[in-house]
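The values are calculated or read from the model by the stated rules, or taken from the named source; none is laboratory data. Computed from a predicted structure; not experimentally measured. For neighbour counting, all protein chains shown are included, and Cβ atoms are generated from backbone atoms with ideal geometry for every residue, glycine included. Just so you know, the surface numbers come from the protein's heavy atoms only, side chains and all, with ligands and any DNA or RNA stripped out. Shrake-Rupley method; radii C 1.70, N 1.55, O 1.52, S 1.80 Å.
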Amino acid sequence: MATRGMLHRLGRSEAANGYALVSPPAIYAVLLLAAPLGLLFLYSFLTDGYLTIIWEFTLQNYRDAWSDPLVRTVMLRSLAVSMMVTAATVLLAFPVAYFVSFHVRPERKSLWLFLITIPFWTSYLIRVFLWKVILGYNGVLNSGLMGLGIIDEPLTFILYNVNAVVITLAHAYAPFAILPIFVALEKIDRSLLEAGQDLGESGLMTFWRVTLPLAMPGVVAAVLIVFIPTIGDYVTPQLVGGPEGRMVANIIHLQYLRLDNYPAGSAIAVSAMLMVTAISMGFLLLNRRFLRVRR
C-alpha cells in the first residue's frame, strides 16, 4: 500500500508530468541527432579502405585534416565568411528591429513582422538561385549599373567568390537576426529610457548605457543563430561561391560522396564542430564579462 501510494504521488507530481511531456521530443532528438553525431564521431577514428571502412582505430584522420594546407585554408575561409556574414547581418538587423520596436505604432508592428518574414515563403534554394541571377555577369545588378552609366563593363568580383557567398548568406539569414533582437527590444521597459533622459543623458548615451545592454540577449541570440549554421552552409558556396568560395561543407561532401572517404570526412566535420563550439563558448564568456563590466 505504501509503495502504491508513493507511485501514485510520483505519477501526479510536476516532475513526472514534466518528464512525460518532454520524453517524446527527447527520444526523437536522440534518435535523429545524437545517434548520427555519435556515428560521425566513431567514423572519424576508423581507417579508410577501398570502398569500405576498416575497423582499426587511429588518429591519422585528424592529423591529416589538421596538417592538410587545403583543409586549413577552407576552414579559415569558412570561419572568416561566417564572421563577416554574422557581423553584416546583425549590424543591418539591429536598426531594422529598433525602428520597428520604437518607431512603429503597435497596431502596425505585426504588418512589419509579416513583411520581414516574407523571404521564408520561398525555398532557400530558390533564393540562392535568385541571387545568382542578380549578381551574374549579365545579371540584374550589372545590367542596371551599365544602363545607368555607372560602370562601363560588368563587375566580376560579385559572383563566384567569397563576396557572393557573404551577400547571399546575409540576405538569407537576416530575418533570423531581426526577430530575436526585436523581441529583446520589446521587453525593455520604456520608463527606464525616460528616466535616463530625465537625468540629463542624451539620446545616444541612453542608447549606449540602457538600450544596448538590455538588448544584448537578443543580439547574442542573433549572433549564434547566424554564425553556427552559416559556417557549415553547403548550398550557397556550391552555387554562387565558385572555386574561391568553397567552404568546409563542400570539402566534407567531396570526401564522402566523391572520394568515398568517410573517416576523413568525419574527422573534418568533427573538427569543424569543435571549432564552432569553442568560438561560440568564447563569445558567450566575453559577452558575460562585457555585461558584468557595464553593470
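Using Cα-Cα distances under 8 Å and only pairs 6 or more residues apart, what relative contact order does the stretch 175-252 have, in percent?
Result for the stretch 175-252 is 35 percent.
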*Among Ser280, Ser143, Ser82, which one moves the most in a GNM of the chain with springs linking Cα atoms closer than 10 Å?*
Ser143
*Starting at the first residue of the stretch 131-137, write each ³J(HN,Hα) from the Karplus equation 6.51 cos²θ - 1.76 cosθ + 1.60 with θ = phi - 60°, in whole Hz, x for Gly and Pro.*
5, 5, 5, 5, 8, x, 4
*Positive-end extreme of charge dipole, the chain - chosen from Met247, Leu92, Ile53 (charges on Cβ)*: Leu92
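Sort the stretch 63-166 into rounded, prolate or oblate with this rule: let a ≥ b ≥ c be the square roots of the eigenvalues of the Cα gyration tensor; rounded if a/c is under 1.5, and if a/c is not under 1.5, prolate when a/b is larger than b/c, oblate otherwise.
oblate
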*Roughly how many percent of the accessible protein surface of the chain is carbon and sulfur, given a 1.4 Å probe and a whole-percent answer?*
69 percent
*Most fluctuating residue given options Phe182, Phe94, Phe57, as computed from a GNM of the chain linking Cα atoms under 10 Å*: Phe57
*Just from its helices, what would the mean residue ellipticity at 222 nm be for the chain, if runs of 4 or more DSSP H residues each count -39500 (n - 2.57) and the sum is divided by every residue, rounded to the nearest 500 deg cm²/dmol?*
-22500 deg cm²/dmol
*Within the stretch 88-106: backbone nitrogen closer than 18 Å to the Glu194 label point (7 Å, Cα to C-beta)*: 102-106
*asked:* Run through the stretch 126-214 and list the trypsin sites (Lys or Arg not before Pro) located in a DSSP loop whose Cβ has at most 12 other Cβ atoms within 10 Å.
replied: Lys187
*Please tell me the relative contact order of the chain in percent, rounded to the nearest whole number, where contacts are Cα pairs under 8 Å and at least six residues apart.*
26 percent
*asked:* What are the ³J(HN,Hα) couplings of the stretch 39-54, residue after residue, when phi is run through the Karplus curve with 6.51, -1.76, 1.60 and θ = phi - 60°? Round to Hz, x for glycine and proline.
replied: 5, 4, 5, 5, 4, 5, 9, 9, 9, 7, x, 6, 6, 7, 10, 8
*Enumerate the amide H contacts of Gly49 below 5 Å, restricted to partners 5 or more residues apart or on another chain; note that Pro and chain-start residues carry no placed amide H.*
Ile54
_Run through the stretch 111-170 and list the chymotrypsin sites (Phe, Trp or Tyr not before Pro) located in a DSSP loop whose Cβ has at most 16 other Cβ atoms within 10 Å._
Tyr137, Phe157
*Karplus couplings for the stretch 159-167 from phi (6.51 cos²θ - 1.76 cosθ + 1.60, θ = phi - 60°), rounded to Hz, Gly and Pro as x?*
9, 6, 7, 5, 4, 5, 5, 5, 4
*asked:* At 1.4 Å probe radius, can you tell me the per residue accessible area of the chain in Å²?
replied: 61 Å²
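Just want to confirm a number: the relative contact order over the stretch 12-104, from Cα pairs under 8 angstrom separated by 6+ residues, in percent.
Taking the mean separation of contacting Cα pairs over the length of the stretch 12-104, I get 11 percent.
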